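Engineer: The structure that follows is given in the form of structure tokens.
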Amino acid sequence: MKPQAFEIIAACLRNGSGLIIGPDKLYLLEARLARILKQHAIRDLDALADRLAADRGGALTREVIEAMTTNESFFFRDDKPFAHFRTHVVPRLLATRPPGARLRVWSAASSSGQEAYSLAMILAECRAQIANRSFEIVGTDISREQLVRAQEGLYSQFEVQRGLPMQMLVRYFKKDGANWRVNDALRAAVSFREWNLLSDLRALGQFDVVFCRNVLIYFDQPTKTRVLEAIARQMPPDGLLYLGGAETVLGLTDRFVAAPGERGVYALAGAKPAATVARVAMAAG
Ligand SMILES: C[S@@+](CC[C@H](N)C(=O)[O-])C[C@H]1O[C@@H](n2cnc3c(N)ncnc32)[C@H](O)[C@@H]1O
């Protein structure tokens, strides 16, 4: 492949989705773009680069971005963030938000939906405590294919065996042929929308809790900073951000600080410690 052609494809991915791809990943381009070459009868990656240069962010660019996304996800991925959300964050939100409040949780790169449905299952388990407040869970992703899958809520036996406790499977899923489908109540608890993290996030509104896990790893430093700071603007002062195990805010932005003693959990800089906020709210309420 010609170096200029590689640069055109790499720039299309970098500008369109933030994905950074180095020349050592040529094999990945070849593997993931083979289907597009075949579908459009494009000779090779050099010819694809010519077509992308003329496409100017159009349908072909979209297809290439879509094909290059890595969508691996599973239920309750890494356990700890979900346990932390359940035991620390839900009680804290319930203590600090007034009756009738609507609390919003965002799965910011939701892929096929497992993260958003894991959060919905936790909230369903906390139904009695939530009482007269409501939760809204929003899943967003750049990949239309994954959003369709997430909306469908249909998972293979293999997928439900990865991380989903048996009692949750029985309680929130029903068998559908060889697969498992999330039940109607869980499905209704989550909404999915197409959203590129590089685009303006303001129309999504404010989120009390943001799970943005295992997506920043694909971006370069300036893009990570840009996305983190845009997310910070969508959170109230006591909002919390969860990142993936290989991700951090360190060296990227000072808008977030690590939650004491927790890995991958971040509060907005300058926010009052959670315990103080909770005490003040309880005294006032
Ligand atoms: C590895 S999955 C992570 C899924 C889930 N958050 C988890 O931790 O299991 C990464 C997801 O990020 C999405 N993605 C990549 N670039 C994106 C962007 N610029 N905006 C929104 N989503 C993006 C991909 O489509 C993919 O579904």
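The values are calculated or read from the model by the stated rules, or taken from the named source; none is laboratory data. Everything numeric in this text was worked out from a predicted model, so none of it was measured. When we count neighbours, we look across all protein chains shown, and the Cβ atoms used for this are built from the backbone with ideal geometry, even at glycine.
Engineer: Sort through 171, 193 and tell me the only one that's away from the ligand (no atom under 15 Å from the Cβ) and either crowded, with 21+ Cβ neighbours inside 10 Å or free of Cβ contacts under 8 Å to residues at least 60 places away in the same chain (or both).
Structural biologist: Working: 193 fails: away from the ligand (no atom under 15 Å from the Cβ).
Step by step, each of 171, 193 is checked, and only 171 is away from the ligand (no atom under 15 Å from the Cβ) and either crowded, with 21+ Cβ neighbours inside 10 Å or free of Cβ contacts under 8 Å to residues at least 60 places away in the same chain (or both).
Engineer: Could you run through the stretch 231-257 and say how many residues are away from the ligand (no atom under 11 Å from the Cβ) and within 22 Å of residue 206 (Cβ to Cβ)? Reasoning before the result, please.
Structural biologist: Residues of the stretch 231-257 away from the ligand (no atom under 11 Å from the Cβ): 231-241, 248-257.
Still in the running and within 22 Å of residue 206 (Cβ to Cβ): 231-241, 249, 252-257.
Residues that pass the stated criteria total 18.
Engineer: While we're on this one: Which condition from (1) more than 14 Å from the ligand (Cβ to nearest atom); (2) among the small types (Gly, Ala, Ser); (3) crowded, with 23+ Cβ neighbours inside 10 Å is the one that residue 95 breaks?
Structural biologist: Single failed check for residue 95: (3).
Engineer: To continue, here is another question. Which residue is surrounded by the fewest Cβ atoms within 10 Å (Cβ to Cβ), if the candidates are limited to the stretch 66-92 and must be in a loop (DSSP other than H, G, I, E, B), in contact with a Gly (Cβ under 9 Å, 6 or more places away or on another chain) and of a type in the set (D, E, K, R)? First the steps, then the outcome.
Structural biologist: Just the residues of the stretch 66-92 that are in a loop (DSSP other than H, G, I, E, B), to begin with: 69-79.
Narrowing further to those that are in contact with a Gly (Cβ under 9 Å, 6 or more places away or on another chain): 73-79.
Okay, now just the ones that are also of a type in the set (D, E, K, R), so 77-79.
Working: 77: 20, 78: 16, 79: 10.
In this case the residue turns out to be 79.
Engineer: Oh, and also: Please work out if residue 64 is more than 18 Å from the chain's Cα centre (by Cα) and not assigned by TED's automatic domain parsing to the domain that holds residue 207.
Structural biologist: Values: more than 18 Å from the chain's Cα centre (by Cα): yes; not assigned by TED's automatic domain parsing to the domain that holds residue 207: yes.
Here the answer is yes, as residue 64 does meet what is asked.
Engineer: For the stretch 33-52, give me each residue that is of a type outside the set (A, V, I, L, M, F, W, C) and assigned to a helix (DSSP H, G or I).
Structural biologist: Going residue by residue through the stretch 33-52, those that are of a type outside the set (A, V, I, L, M, F, W, C) are 35, 38-40, 43-44, 46, 50-51.
If the condition is that a residue be of a type outside the set (A, V, I, L, M, F, W, C) and assigned to a helix (DSSP H, G or I), then 35, 38, 39, 46, 50, 51 are the ones that fit.
Engineer: With the requirement that a residue be modelled with pLDDT under 95 and among the polar types (S, T, N, Q), what does the stretch 79-109 give you?
Structural biologist: Hit for the stretch 79-109 is 96, nothing else.
Engineer: List the residue pairs whose Cβ atoms are under 6 Å apart, where the first residue sits in the stretch 224-237 and is more than 19 Å from residue 142 (Cα to Cα), the second is in a loop (DSSP other than H, G, I, E, B) and modelled with pLDDT under 95, and the two are 6 or more positions apart or on different chains.
Structural biologist: Partner pairs satisfying both residue conditions: 237/271.
Engineer: For the stretch 55-92, give me each residue that is of a type in the set (A, V, I, L, M, F, W, C), more than 10 Å from the ligand (Cβ to nearest atom) and more than 19 Å from residue 120 (Cα to Cα).
Structural biologist: 59, 60, 64, 67
Engineer: So if I check each of 206, 221, which one is more than 30 Å from residue 100 (Cα to Cα) and in the same structural domain as residue 106 (by TED's automatic domain parsing)? Don't jump to the end; show me each part of the working.
Structural biologist: Working: 206 fails: more than 30 Å from residue 100 (Cα to Cα).
Answer to the check: 221.
Engineer: Name the residue that is farthest from the ligand (Cβ to nearest atom), counting only residues in the stretch 98-120 that are part of a helix (DSSP H, G or I) and hydrophobic (A, V, I, L, M, F, W, C). Step through it out loud before you land on a result.
Structural biologist: To start, the set of residues in the stretch 98-120 that are part of a helix (DSSP H, G or I) comprises 114-120.
When the remaining residues are screened for being hydrophobic (A, V, I, L, M, F, W, C), the result is 116, 119-120.
Numbers: 116: 9, 119: 11, 120: 14 Å.
Ranking the qualifying residues of the stretch 98-120, first place goes to 120.
Engineer: Quick one: count up the residues across the stretch 84-117 that are in contact with a helix residue (DSSP H, G or I) (Cβ under 6 Å, 6 or more places away or on another chain) and among the small types (Gly, Ala, Ser).
Structural biologist: Residues in the stretch 84-117 being in contact with a helix residue (DSSP H, G or I) (Cβ under 6 Å, 6 or more places away or on another chain) and among the small types (Gly, Ala, Ser): 6 in total.
Engineer: Give me a count of the residues in the stretch 13-27 that are away from the ligand (no atom under 13 Å from the Cβ) and surrounded by 13 or more Cβ atoms within 10 Å (Cβ to Cβ). Talk me through it step by step, then tell me what you get.
Structural biologist: Of all residues in the stretch 13-27, those away from the ligand (no atom under 13 Å from the Cβ) come to 22-27.
Then keep just the ones that are surrounded by 13 or more Cβ atoms within 10 Å (Cβ to Cβ); that gives 25-26.
Summing the residues that are away from the ligand (no atom under 13 Å from the Cβ) and surrounded by 13 or more Cβ atoms within 10 Å (Cβ to Cβ) in the stretch 13-27 gives 2.
Engineer: Any residue in the stretch 238-251 that is free of Cβ contacts under 8 Å to residues at least 24 places away in the same chain sitting within a Cβ distance under 7 Å of a residue that is hydroxyl-bearing (Ser, Thr, Tyr) and within 10 Å of the ligand (Cβ to nearest atom)? List the pairs, counting only those 6 or more apart or interchain.
Structural biologist: none
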